[in-house]
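First up is the structure itself, then whatever we jot down about it.
The values are calculated or read from the model by the stated rules, or taken from the named source; none is laboratory data. If you're wondering where the values come from, they're calculated on a predicted model, not measured in any experiment. Note that we place each Cβ from the backbone using ideal geometry, even for glycine, and neighbour counts take in every protein chain shown.
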Amino acid sequence: MEPGPALAWLLLLSLLADCLKAAQSRDFTVKDIIYLHPSKTRYCYTQHTMEVTGNSISVTKRCVPLEECLSTGCRDSEHEGQKVCTSCCEGNICNLPLPRNETDATFATTSPINQTNGHPHCMSVIVSCLWVWLGLTL
């Protein structure tokens, strides 16, 4: 390999690592960026704590399993005058933007979470809802 592309790659990783260090309380290392996600952690998690004015107080970014991504969104913090927004995404370094509101604080996946064919429980829920609705309107 010529030294030019290898040097460019190293500089790009260094620049990316420097940018991430500036914005995060839990820094990604170059090793994290190269290996992307440790085993069983295929999602990028971001928790952004800010003042009600929108000024950032802290940012936490890390690789997590699915279970830690099930409650995204924004909520008021236990500390008065602060708001916490949490987002998750599936992919490699997909969480660079910070969640600042409900629109940004989402869980984005590129593949279905449930890999089974069909959803048998959905049909029973739909039938139950129709039964209750028909019972109320008759």
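For C63, are the conditions met, namely being at pLDDT below 95 and within 15 Å of the chain's Cα centre (by Cα)? Yes: the conditions hold for C63.
What do you reckon, is I34 at pLDDT below 85, part of a loop (DSSP other than H, G, I, E, B) and not small (G, A, S)?
On the way: at pLDDT below 85: yes; part of a loop (DSSP other than H, G, I, E, B): no; not small (G, A, S): yes.
Judged against the criteria, I34 is not a match.
Inside region 35-51, residues that are of a type outside the set (A, V, I, L, M, F, W, C) and either on the phi > 0 side of the Ramachandran plot or exposed (fewer than 14 other Cβ atoms within 10 Å of the Cβ) (or both) make up a count of 5.
For region 37-51, name all the residues that are among the basic types (K, R) and at pLDDT below 80.
We begin by selecting, within region 37-51, every residue among the basic types (K, R); these are 40, 42.
Scanning region 37-51 gives a single hit, K40.
Let's see how each residue does on (1) part of a strand (DSSP E or B); (2) surrounded by fewer than 13 Cβ atoms within 10 Å (Cβ to Cβ); (3) modelled with pLDDT of 90 or more; (4) among the β-branched types (V, I, T):
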site	(1), (2), (3), (4)
T53	no, yes, yes, yes
I57	yes, no, yes, yes
E68	no, no, yes, no
H79	no, yes, no, no
K83	yes, no, yes, no
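When L7 is tested against the conditions (1) in a helix (DSSP H, G or I); (2) exposed (fewer than 13 other Cβ atoms within 10 Å of the Cβ); (3) modelled with pLDDT of 90 or more, the lone failure is (3).
If I go through region 68-84 residue by residue, how many of them are touching a residue at least 12 places away in the same chain (Cβ under 8 Å) and closer than 23 Å to Y43 by Cα?
Initial filter on region 68-84 (touching a residue at least 12 places away in the same chain (Cβ under 8 Å)): 68-74, 77, 81-84.
Pick out the ones that are also closer than 23 Å to Y43 by Cα and you get 68-74, 83-84.
Summing the residues that are touching a residue at least 12 places away in the same chain (Cβ under 8 Å) and closer than 23 Å to Y43 by Cα in region 68-84 gives 9.
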